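Colleague: Structure provided below as structure tokens; questions to follow.
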There are 2 protein chains.
Amino acid sequence: MHSHHHHTKTPAPAADLARGSTLYLGADDIVRLVRRKGLPACLAGVAGRIEQDFLRWPEWDKSARVACHSRDGVIELMPVADAAQFAFKYVNGHPKNTAAGLPTVMAFGLLADVATGTPQLLAEMTLVTAIRTAAMSALAAKRLARPDSRVMALVGNGAQSEFQALAFRDVVGIRELRQFDVDPQATAKLVANLAGQGLELTVCTSVAEAVRGADIVTTVTADKTRATILTPEMLEPGMHVNGVGGDCPGKTELHPGVLEAASVFVEYEPQTRIEGDLQQMPADFPVTEFWRVLNRSHPGRRAADEVTVFDSVGFALEDLSALAFVHEAATALGVGRRIDLVAQPQDPKNLFGLLHGDDDTAAAPRRAQPVEA
Amino acid sequence: MHSHHHHTKTPAPAADLARGSTLYLGADDIVRLVRRKGLPACLAGVAGRIEQDFLRWPEWDKSARVACHSRDGVIELMPVADAAQFAFKYVNGHPKNTAAGLPTVMAFGLLADVATGTPQLLAEMTLVTAIRTAAMSALAAKRLARPDSRVMALVGNGAQSEFQALAFRDVVGIRELRQFDVDPQATAKLVANLAGQGLELTVCTSVAEAVRGADIVTTVTADKTRATILTPEMLEPGMHVNGVGGDCPGKTELHPGVLEAASVFVEYEPQTRIEGDLQQMPADFPVTEFWRVLNRSHPGRRAADEVTVFDSVGFALEDLSALAFVHEAATALGVGRRIDLVAQPQDPKNLFGLLHGDDDTAAAPRRAQPVEA
């Protein structure tokens, strides 16, 4: 095999690249891509994609997610498709992983061409999930919050908080943040990360203090229980609540009274009734799917003093929108490389022949090639 | 970025390998692995894995497959899990792909650790699917066919036929093949591929001629319609029928009278009632799940003159068994390389920090490294 090792240092023949039909973006590639594109451009770009894709809501095949529950966590597959694109995300949730030095959530996704079934993009999705979640939240607030909203309370200052802050800055026009976390170190990290980003930052010592006077309240806490982060007496007329952390069965952030006092908007109703803060409410509690606001079949906010809630849980279509954005950006910037995730044998009828073909083409060592010029 | 390009030619630091937690086996890697291990060892090894995994049948979470149907084909996700392992296979079916020079079926699979959700293996699965299908068929025949079976009719001489032939040679003891295909070129390819493999080969000019006198009849045709390849008058007392090609809605090979005349065994009853030759039969037509034969709760074949049918459609557990075999073999032989399919940031609470960290660790060009010594 040693005679082939020089291939790893020389350009791959065209035939090799042609065999690799799938663009691969690993964790490092995604970091490079977001750095080169710029996080603001990624947030705005993904928000734009989500808006376009949600406007075609009835065209999407909205399968239920497949969840495999085990003692210490869950592994899920989240598929979605229309007549042109298929996508799924693999994502786990294992709260005890931190003790083993592993992330509690790991994710990757695939984008495929529906016409032929060919996988087009395989991408790591931890960073991409944070971006698409913030983009979705900001897109919803752009339509549901008062247009003059400038102050946002940010309750929960963990891994997703910076992404929420920057998406709301760029998409909604937020200029002042009032942040609180039960862990002061989390808040200190957020303040350090957002320095010089054009946001006025106010560290608060309670949820109530952070919420007071805010136009928008974003809750993005990580407590895996039925918590009551936001209570009805904290609400002020005209507030928009962006509830992000209540996103799976048994995990809520909003007091039921908050939902009762508000007009509630969701991504995909059947999913949010199980996973969202909505899980606390009766099955007939009225909600509106957000795509109806986008296509103007629902007015969204009706008055300046109305309280609106976006009960966000994260829907598979947002992952497809984000993967499509990432695919386009990576192709334009030449980030990533092609891999042979699926075989495309010269003669599909002679699969056995693969095992007895020319050693140089079929059994040579991997020749990984960045597509970057 | 050019200052980093030398990394592609030097060994990766340990930290980089540690970050890549998933073993990747592309199409070329799988070919290399099967060549080095040897196809007979792969067929026997996968059959052994399937047997062990089927013996633990009640322990598996047998989710329905997720199917996304479109005008020209279908894309499916086939998940399965127990308390230790999660696996899924992505597989498409697009009959018109051949016109575009693409395979009609492309597949890849993932094996993950249920305790932490970490993806362990990502592997191309075209060849692996052929191996696991043949291994499953041979394992079933070993228990259901007469022990003195030596002659097999092989009807349908396409991509899967060689794998069926060799699995039955090694696992069941078949010594003579009687092959037929409507396409003489397919049969010629089969004969050429099986030369020197210790099997007596007889080319037949009709299904009836191939079946006459055979102990086992394997049907593995590709016609995407309700075909009637095997009819009741061709049956002889004591035959075992291995029906492989009737494997999705609208695609059958066996005349209903063949099923009526036989004891019928299936992988997973709810799936086979929809996808197998069984789709032609009433909902209460009696069948036995094969795992019951393996664990001796069903006797299997009851008499030397009984006709038995294994109505094979391919179940997700077989893919998990095959992926587990491949994972062990690739690790032992050092085939493949680790990829960063999921991010494992040093500080999961500071995802934003990834975008502003040390260029050398987070944004360096990909350093693909074969794990092979």
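Colleague: When you scan the range A:300-307, do you find a residue that is on the phi < 0 side of the Ramachandran plot, within 19 Å of the chain's Cα centre (by Cα) and either of a type in the set (A, V, I, L, M) or not assigned by TED's automatic domain parsing to the domain that holds residue A:54 (or both), even just one?
Modeller: Taking every residue of the range A:300-307 in turn, none turns out to be on the phi < 0 side of the Ramachandran plot, within 19 Å of the chain's Cα centre (by Cα) and either of a type in the set (A, V, I, L, M) or not assigned by TED's automatic domain parsing to the domain that holds residue A:54 (or both).
Colleague: May I pose another question? Could you give every pair whose Cβ atoms fall below 7 Å, whose first residue belongs to the range A:69-86 and is more than 8 Å from every other protein chain (Cβ to nearest Cβ), and whose second residue is assigned to a loop (DSSP other than H, G, I, E, B) and at pLDDT below 95, counting only separations of at least 6 or pairs across chains?
Modeller: A:76/A:65; A:78/A:65; A:80/A:62; A:80/A:63
Colleague: Which one of these is more than 7 Å from chain B (Cβ to nearest Cβ) and closer than 20 Å to residue A:341 by Cα: A:96, A:89?
Modeller: Only one candidate qualifies: A:89.
Colleague: Within the range A:62-83, which residues are among the acidic types (Asp, Glu) and modelled with pLDDT under 95?
Modeller: Matches in the range A:62-83: A:72, A:76.
Colleague: Residues of the range A:99-123 being facing chain B (nearest Cβ under 8 Å), at pLDDT 95 or above and either under 19 Å from residue A:29 (Cα atoms) or assigned to a helix (DSSP H, G or I) (or both), which ones?
Modeller: If the condition is that a residue be facing chain B (nearest Cβ under 8 Å), at pLDDT 95 or above and either under 19 Å from residue A:29 (Cα atoms) or assigned to a helix (DSSP H, G or I) (or both), then A:107, A:108, A:110, A:119, A:122 are the ones that fit.
Colleague: If we scan the range B:284-298, do we find a residue that is surrounded by 15 or more Cβ atoms within 10 Å (Cβ to Cβ) and more than 29 Å from residue B:80 (Cβ to Cβ)?
Modeller: Taking every residue of the range B:284-298 in turn, none turns out to be surrounded by 15 or more Cβ atoms within 10 Å (Cβ to Cβ) and more than 29 Å from residue B:80 (Cβ to Cβ).
Colleague: Sticking with this one: Could you tell me which of the residues A:185, A:197, A:179 is exposed (fewer than 15 other Cβ atoms within 10 Å of the Cβ), polar (S, T, N, Q), assigned by TED's automatic domain parsing to the domain that holds residue A:147 and in contact (Cβ under 8 Å) with a residue 24 or more places away in the chain?
Modeller: Only one candidate passes the filter, namely A:197.
Colleague: Also: Just to be sure I understand, how many residues within the range A:315-346 are without any contact (Cβ under 8 Å) to a residue 24 or more places away in the chain, in a loop (DSSP other than H, G, I, E, B) and more than 17 Å from residue A:117 (Cβ to Cβ)?
Modeller: Residues flagged as without any contact (Cβ under 8 Å) to a residue 24 or more places away in the chain, in a loop (DSSP other than H, G, I, E, B) and more than 17 Å from residue A:117 (Cβ to Cβ) within the range A:315-346 amount to 1.
Colleague: So, one more: Looking for whichever is surrounded by 24 or more Cβ atoms within 10 Å (Cβ to Cβ) and of a type outside the set (Gly, Ala, Ser) here; the options are A:307, A:326. Which one fits?
Modeller: Going through A:307, A:326 in turn, just one is surrounded by 24 or more Cβ atoms within 10 Å (Cβ to Cβ) and of a type outside the set (Gly, Ala, Ser): A:326.
The values are calculated or read from the model by the stated rules, or taken from the named source; none is laboratory data. Not measured: the values here are computed from a predicted model. Glycine also receives a Cβ, built like all others from the backbone with ideal geometry; neighbour counts cover every protein chain displayed.
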